[in-house]
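The values are calculated or read from the model by the stated rules, or taken from the named source; none is laboratory data. As the structure is a prediction and not an experimental result, all values here were calculated from the model. FYI the Cβ positions are ideal-geometry reconstructions off the backbone, even for glycines, and counts take in every protein chain you see. SASA here: full protein model, heavy atoms, side chains in, ligands and nucleic acids out. Shrake-Rupley method; radii C 1.70, N 1.55, O 1.52, S 1.80 Å.
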Amino acid sequence: MKKSNNKIWKHLPPALDVGWAKFSFILKKNLKDEEDSKCYGITDFNKLTITLEENMSESEAHHTIIHECCHAFMETFGLGGPEEGHPDKVESS
């Protein structure tokens, strides 16, 4: 995982183990989704990654980390929603 100036990143583990899979955390500047829209986080169930926007506030980072981890856990219980197996994203406002 890449290092950043946001102090929350130093506390983030390298991966999230949800039982059936381990999702690696990736930090990326200027994160965009497949539609080229800016976003704060993308959970990719095919690659087993959670990619996070490196340049966001600590408050935005807390919210986004929890949001993306919830997607991984919900998938464990079959609650992934209609687009299971597709990346999920949190768009920035």
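Here C70 clears all of (1) surrounded by fewer than 18 Cβ atoms within 10 Å (Cβ to Cβ); (2) touching a Pro at 6+ places or on another chain (Cβ under 7 Å) except the condition numbered (2). Pairs linking a residue in the stretch 50-64 that is under 12 Å from N6 (Cα atoms) and open to solvent by less than 50 Å² (accessible area, probe 1.4 Å) to a residue that is in a strand (DSSP E or B) and of a type in the set (D, E), with Cβ atoms under 9 Å and 6 or more positions apart or on different chains, are A61/E53. Taken as a whole, the stretch 38-49 holds no residue that is over 15 Å from N6 (Cα atoms), surrounded by fewer than 18 Cβ atoms within 10 Å (Cβ to Cβ) and among the aromatic types (F, W, Y). Residues of the stretch 1-17 that are surrounded by fewer than 17 Cβ atoms within 10 Å (Cβ to Cβ) and either in contact with a strand residue (DSSP E or B) (Cβ under 9 Å, 6 or more places away or on another chain) or under 18 Å from A72 (Cα atoms) (or both): M1, K2, K3, P13, P14, A15, D17.
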